Amino acid sequence: MIRLLAAAFVALLAALPASAVEIKEITSPGGIRAWLVEEHSIPFTALEIRFRGGSSLDLPEKRGATLLMMATLEEGAGDLDSQGFAEAREALAAGFEFDANDDSVSVSVRMLSENRDAAVALLKTALTAPRFDQDAIDRVRAQVVSIIQSDEKDPNTIAWREFDQQAFGAHPYASSRNGTLLSVAALTRDDLIAAKANVMARDRLYVSAVGDITEAELGALLDDLLGDLPETGAPLPPKAELGLKGGVTVIDFASPQSVVAFGHEGIERHDPDFFAAYVLNQVIGGHGFGARLMEEVREKRGLTYGISTDLVPMDLGWTWKGGFASANEKVSEAIGVVRDEWARIAAEGVSDEELEAAKTYLTGAYPLRFDGNGRIAGILVGMQMDDLPTTYLRDRNSYIEAVTSDDIKRVARRLMKPDALRFVVVGQPAGLEPSN
Amino acid sequence: MFRTLRWTILAATFAAPALADEVTTFTLPNGLEAVVIEDHRAPVVVQMVWYRAGAADEEPGVSGIAHYLEHLMFKGTDTLAPGEFSKIVEANGGADNAFTSWDFTGYYQRVAADRLELMMQMEADRMRHLKLTEDDWQTEREVVIEERNQRIDSDPGAIFGEQRRAALYLNHPYGRPVIGWRHEMEKLTRQDALDWYGRYYAPNNAVLVVAGDVDPEAVRALAETYYGPLDPSPDIAPRVRPQEPPQLAERRLSFSDPRVSRPYVTRSYLAPERDPGAQEKAAALTVLAAMLGGDGQTSILARKLQFESRQAIYTSARYDGSSYDDTSFDLAVIPADGVTLAEAEAALDAVLADVQENGVDPAQFERVKARLRAGLIYAKDDVGGLARRYGEALTTGLTVADVEAWPDIVDAVSEADVKAAAAEVFDRRRSVTGWMMKTGEEEVMQ
């Protein structure tokens, strides 16, 4: 009974519209382009601003400058010192989040309709006239240092640091965007000013707004907020050369459990096979309970609490990564299961049933992402940075639907290289020999 | 304030929004309570079923059974094979999961609104018809032990938190970890799970929350169809747990581990929770926590310890009044380089003493109240969060009326209320102080 009902529902799936979200592409009077979704039922607006380049623009000896700069933007601007700025923001009940990632820096804003102009005026001081007072820099630096110290003791971070180091060598992707204890200690106010000039420029700006705001209001807001930013920033670094080789790395760490980071080369976001690879990843290690690795490693054998894999198509390099944790005495068996499944799928592909389950999941889950103004604004900026049209929202599921069993077989053969998998194991694994 | 700081464990609790016109409630004859929250912005729905059964309801000796059963609930019924529940949800493009706490166990699915009927059919099915085979329960016990390895034993902060909690509660079962003590988890059996399931998993011990693009009358009709025929459990008794005796001696715990990168000091006070019809004290504590630690820059602890004296790189204050029995008010300080734990603790105590003696800054008080009011507007953007608030309230002894009265009660808190709440709760005899240290660099606890 339940099985029949489920089957009947599946057929309806593609009908659910992500395109309930209606995007307007606007250009402000001053020439700033943005995507807008008007949603007037709740009196606030979410604004997402990103600049391409992010922490990858750090110079080698200045690693951590971009992140420290972003974290210090709200620590005093214009006439206000750190406390004054924070008090003003709190009085407006506005939220400003400044973040730095490898490929972009972001400013995520939410502001009430009742005091939006004041919130924008305050934010503008942070974006155009940050003070970078020495005491503020030192205070935030101490926080970053504590994070770096904590990372040095965290088995997950240790594992991924090593993986990235092997994967990306001399490229900025190889090291933490937090920087090192040495590099962060040496950063100066001038370094932060330079980092800001490198990344916060209009030639790499992407914006979206979702909420209680009209096209005309947004246009004026953007010119006011972002119009004074410099026209150009620093050139992006070159593509990363992937140096990853197959094998096992063991890093001794006293803990009852070993943490495992594994993976090999992935696929570029604009590769014609990207969607087939994306569906294939869902079958193998997608989040949720149906995936092959979750079934084999957790459900059948109880070797882990959770295992998943992800394609990570960054702007300048792409990997296919997975992770899990197992008791030290079980981790060797778990790694064997992962290798076996990787080899099996590379050779045999996946069953039609698995393929269909992955496709229905991915197409059905897509509209669920659009839940809340802030999340929608983030997705829309991500689409712009991936060079996708607004119609992608409508068409995306058809790309998933179009993936065939032959596509999966071809892409599995092309991408899945069991011998190329590198496992970085942090813990005290029993019966596991490192290899080069 | 720096967002990605790893110690952002302790967030402030914000007031729940008044959405009375969009919330509908009903109760089925078999005792199932239901709350429907309408949000028609997107064709999506969340179904949650909350059971009034959590780790604090466990009998001594079987800690972890509530959480273990939560895992086993995905193992199949008379009509569903093991794992099939989640596979059907996923095949319908949905996401599902579950959670266990001291006062409740909950299950949810997020799906397209037109899939609600199937979700209800399956959730109702496993409310009374769970089936556990020999294989299932043993493998899953390994999984929850791996979960313990990952969440607790791999994390010195979590290990110490578990020990501190055990010390905070002298008699109440809140002192036990939700995931269970390892030596008891290793002995959990299929029969333990079935006993727990048979006793607590029934419509008269459950709360259904449906939130999203739905019509309340249609939800009621579906609930009558699928949940209506289920038999209530005869074993549901009033929840009476062992209560705390007068706490007369403060407890001081120190712990060291080689994996600790920075030492820190914590302080937890036993604190009253939100009670039905009597939420004023909890409201004052909620405002107090927001003032002490709600913002990384403007809160009292941040201002005094991070900006003025610069003795700390991070501070926090947290209070969550959603609890069936006495909860806790938690504080933490990560000292700056060169500052000892003893100095950091003294600095924390000085701030707490000042608040009790001199109250709070009126300007900050007004800003925090404005922030809490704005929280009502922002919260409307997160219908899943609203659903959690109702589910949590109704399984921790509150009513829908209490949830709806809460924003006004918080708004009515005065500066004097905050000062009085601080004076009442910050009593060292009812507290646990923790010093987390790095092995080899221990400080002698004072």
Filtering the stretch A:348-360 for residues that are within 14 Å of chain B (Cβ to nearest Cβ) and either buried (at least 20 other Cβ atoms within 10 Å of the Cβ) or in a helix (DSSP H, G or I) (or both) leaves a count of 9
When the stretch B:86-115 is checked residue by residue, the ones that are within 11 Å of chain A (Cβ to nearest Cβ), touching a residue at least 24 places away in the same chain (Cβ under 8 Å) and open to solvent by less than 10 Å² (accessible area, probe 1.4 Å) are B:V89, B:N92, B:G94, B:Q109, B:V111, B:A112, B:R115
Of (1) away from every other protein chain (no Cβ under 14 Å); (2) within 30 Å of B:S154 (Cβ to Cβ), A:V259 satisfies every one except (1)
Of the listed residues (B:D337, B:D417, B:D382), the one being open to solvent by 50 Å² or more (accessible area, probe 1.4 Å), at pLDDT below 95 and over 30 Å from B:D39 (Cβ atoms) is B:D337
Flagged in the stretch B:246-260 as assigned to a loop (DSSP other than H, G, I, E, B), open to solvent by 60 Å² or more (accessible area, probe 1.4 Å) and either away from chain A (no Cβ under 14 Å) or closer than 18 Å to B:A56 by Cβ (or both), in numbering order, are B:P246, B:L248, B:A249, B:E250
- prompt: Are any of the residues in the stretch A:220-233 free of Cβ contacts under 8 Å to residues at least 60 places away in the same chain and assigned to a helix (DSSP H, G or I)?
  reply: no
For the stretch B:278-312, the count of residues that are part of a helix (DSSP H, G or I) and open to solvent by less than 20 Å² (accessible area, probe 1.4 Å) equals 17
Note on A:P238: of the conditions (1) within 21 Å of the chain's Cα centre (by Cα); (2) under 24 Å from A:P434 (Cα atoms), unmet is (2)
Just one listed residue, out of B:A271, B:A289, B:A278, is in the same structural domain as B:V368 (by TED's automatic domain parsing), among the small types (G, A, S) and farther than 25 Å from B:I159 by Cα, and it is B:A278
Note on the stretch B:176-188: residues crowded, with 19+ Cβ neighbours inside 10 Å and part of a helix (DSSP H, G or I) are B:M185
Exercise. Answer yes or no: is there a residue in the stretch B:348-363 that is open to solvent by less than 10 Å² (accessible area, probe 1.4 Å) and within 14 Å of chain A (Cβ to nearest Cβ).
Key: no
| Taking the stated definitions as given, is B:E70 open to solvent by 10 Å² or more (accessible area, probe 1.4 Å), at pLDDT below 90, assigned to a helix (DSSP H, G or I) and out of contact with any Pro (no Cβ under 6 Å at 6 or more places or on another chain)? | no
Output for Cβ contacts, cut-off 7 Å, separation at least six or different chains, first residue under 17 Å from B:D408 (Cβ atoms) in the stretch B:259-285, second in a loop (DSSP other than H, G, I, E, B) and β-branched (V, I, T), reads B:P276/B:T399; B:A283/B:V413; B:A284/B:V413
Query raised in the report: Looking at this structure, is B:A342 without any contact (Cβ under 8 Å) to a residue 24 or more places away in the chain, at negative phi, assigned by TED's automatic domain parsing to the domain that holds B:T266 and in a helix (DSSP H, G or I)?
Result: no
Screening A:G95, A:G84 for residues that are without any contact (Cβ under 8 Å) to a residue 60 or more places away in the chain and more than 29 Å from the chain's Cα centre (by Cα) leaves only A:G84
Here the residues within the stretch B:162-186 that are farther than 30 Å from B:T399 by Cα, in contact (Cβ under 8 Å) with a residue 60 or more places away in the chain and not aliphatic (A, V, I, L, M) are B:Q163, B:R164, B:W181, B:E184
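Is it the case, given these coordinates, that A:A240 is at negative phi, of a type in the set (A, V, I, L, M) and within 14 Å of chain B (Cβ to nearest Cβ)? Full working, then the answer.
Working: at negative phi: yes; of a type in the set (A, V, I, L, M): yes; within 14 Å of chain B (Cβ to nearest Cβ): no.
Criteria not met by A:A240.
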Taking the stretch A:291-347 and keeping residues farther than 14 Å from A:L280 by Cα, free of Cβ contacts under 8 Å to residues at least 24 places away in the same chain, within 14 Å of another protein chain (Cβ to nearest Cβ) and open to solvent by 20 Å² or more (accessible area, probe 1.4 Å) leaves A:E295, A:E299, A:K300, A:Y305, A:G306
All-but-one check, B:S316 against (1) without any contact (Cβ under 8 Å) to a residue 60 or more places away in the chain; (2) buried (at least 20 other Cβ atoms within 10 Å of the Cβ), failing number (1)
A careful count of residues in the stretch B:119-134 that are facing chain A (nearest Cβ under 9 Å) and surrounded by fewer than 22 Cβ atoms within 10 Å (Cβ to Cβ) gives 2
In the stretch B:282-333, anything of a type in the set (G, A, S) and within 14 Å of chain A (Cβ to nearest Cβ) is listed as B:A290, B:G293, B:G294, B:G296, B:S299, B:A302, B:S309, B:A312, B:S316, B:A332
Of the residues in the stretch B:102-156, those that are more than 26 Å from the chain's Cα centre (by Cα) and among the acidic types (D, E) number 6
Apart from one, (1) at pLDDT 95 or above; (2) open to solvent by 20 Å² or more (accessible area, probe 1.4 Å); (3) within 8 Å of chain A (Cβ to nearest Cβ) all hold for B:G61; the odd one out is (3)
Yes or no: the stretch A:48-62 includes at least one residue that is more than 27 Å from A:A240 (Cα to Cα) and of a type outside the set (S, T, Y). yes
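The values are calculated or read from the model by the stated rules, or taken from the named source; none is laboratory data. Keep in mind that what you see is a predicted model, and the values were worked out from it rather than measured. In this analysis, Cβ positions are derived from the backbone assuming ideal geometry, glycine residues included, and neighbour counts consider all displayed protein chains. When the accessible area is computed, the model is the full protein with side chains, heavy atoms only, and any ligands, DNA or RNA have been set aside. Shrake-Rupley method; radii C 1.70, N 1.55, O 1.52, S 1.80 Å.
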